[in-house]
Amino acid sequence: QNIAIDYEVPPTDVKVTLEALREDGFGARPQYECYLAELPPGQTNKEGGSAVGYVLFSYTYSAWKGRNLYIDNLYVHPQFRGQQIGKRLIEKAAQAAVSKGCGQLRMHVANWKAKEKDFLARRGGEDLMAKEGWSLFHLEEDALRRLAAQSTI
């Protein structure tokens, strides 16, 4: 929830539990992978921990491009921003994508995050909304359940 606050998202919008994160990432059928950036032994962040950032990603499939790596969340603790940690985490995710034979790396970036958009553009990233006019839609749980209930198949 602290990360949600840093993202200017109400903590009440965070629905995933620690138990679900553990099961979904480290259970019998992992749904995501995560790289964690940590401080050297003996050093701590302001909260007393060693974590300074992470990148959380999963694999998707495109009928046009094949395997993809999708970055769901890239986070660097405010105390450690500007030290290339986010860059290194994205590079590690890119290495994972290449090692798994992915044809693309995808991530959504908020329009107000100009610095992040520029970072990706300088490395060959394309803003598909600007370039091709794509829009991103999602259905929250209630809408998803209503749609599923309408199925006649």
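The values are calculated or read from the model by the stated rules, or taken from the named source; none is laboratory data. These figures come from a predicted structure and were not determined experimentally. Cβ sites come from the backbone with ideal geometry, for glycine too, and all protein chains shown count toward neighbours.
Brief remarks on what is shown
- Of the residues Tyr54, Tyr75, Tyr61, the single one that is under 23 Å from Asp24 (Cβ atoms), of a type outside the set (S, T, N, Q), in contact with a strand residue (DSSP E or B) (Cβ under 9 Å, 6 or more places away or on another chain) and without any contact (Cβ under 8 Å) to a residue 24 or more places away in the chain is Tyr61.
- Gly103 exposed (fewer than 15 other Cβ atoms within 10 Å of the Cβ), on the phi > 0 side of the Ramachandran plot and not aliphatic (A, V, I, L, M): no
- All positions within region 27-53 that are farther than 17 Å from Tyr75 by Cβ and over 17 Å from the mean Cα position of the chain (by Cα): Gly27, Ala28, Arg29, Pro40, Pro41, Gly42, Gln43, Thr44, Gly48
- Any hit, region 44-66, residues being modelled with pLDDT of 95 or more, among the basic types (Lys, Arg) and either in contact with a Gly (Cβ under 9 Å, 6 or more places away or on another chain) or under 21 Å from Leu128 (Cα atoms) (or both): no
- Criterion: charged (D, E, K, R) and in contact (Cβ under 8 Å) with a residue 40 or more places away in the chain - qualifying residue of Glu38, Glu91, Glu33: Glu33
- Selected residue (only one of Val98, Val76, Val109 is surrounded by 10 or more Cβ atoms within 10 Å (Cβ to Cβ), among the β-branched types (Val, Ile, Thr) and under 17 Å from Tyr32 (Cα atoms)): Val98
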